[in-house]
1. Does region 54-81 hold any residues that are in contact with a helix residue (DSSP H, G or I) (Cβ under 8 Å, 6 or more places away or on another chain) and either in contact (Cβ under 8 Å) with a residue 24 or more places away in the chain or farther than 22 Å from residue 162 by Cα (or both), and which are they?
2. For residue 33, state whether it is at pLDDT 75 or above, in contact with a strand residue (DSSP E or B) (Cβ under 9 Å, 6 or more places away or on another chain) and surrounded by 10 or more Cβ atoms within 10 Å (Cβ to Cβ).
3. Would you kindly identify the strands (runs of 3 or more DSSP E) lying entirely within region 91-169 that contain at least 2 residues that are surrounded by 12 or more Cβ atoms within 10 Å (Cβ to Cβ)?
């Protein structure tokens with residue numbers, strides 16, 4: 001009779017170990033980062049508090065951010081090259097070192113986000129799936145931000161500490 005209890009105890013331990021590894025691996029799969037469609041990032045709406053900006057960027061490596069709206073900022077362009085930033089509007093140009101751009105400005109936040117999204121695994125804090133949407137929380141110099149993906153399309157990026165929401169062209173913002 002004691003042998004049966006010993007076998008049951010050993011079987012229970014083996015089963016417990018199996019279940020522990022199963023749940024560890026299940027949680028790791030939540031951290032799989034989808035290959036999102038970077039085409040989403042070409043036309044953006046940025047909402048910061050009550051202000052709304054429409055932007056255009058280039059795809060893959062973000063090297064410029066161009067304001068389309070509001071009217072007073074239309075055609076304001078930030079071009080990023082190596083460690084320099086060129087700011088231009090109409091016929092005016094200004095060039096400065098990257099380190100001089102306010103680290104907290106939303107243009108710098110957007111630029112950092114795009115760089116992080118090229119290799120998000122290095123910055124990932126958490127990932128979860130809710131109603132067919134993947135929500136990733138990533139870290140950056142300006143604080144944590146949240147990326148919401150619907151399938152492989154980026155729906156929005158939220159920076160709670162800066163009260164900034166970046167919405168792709170695929171999402172309604174009105």
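1. The answer is 55, 57, 59, 60, 61, 62, 65, 78, 80.
2. For residue 33, the condition - at pLDDT 75 or above, in contact with a strand residue (DSSP E or B) (Cβ under 9 Å, 6 or more places away or on another chain) and surrounded by 10 or more Cβ atoms within 10 Å (Cβ to Cβ) - is not met.
3. Hits in region 91-169: 124-130, 133-138, 145-150, 153-159, 164-168.
The values are calculated or read from the model by the stated rules, or taken from the named source; none is laboratory data. Quick caveat, the model's predicted, so the values are computed rather than measured. Ideal geometry is used to build each Cβ from the backbone, glycine not excepted, and the neighbour counts take in all protein chains shown.
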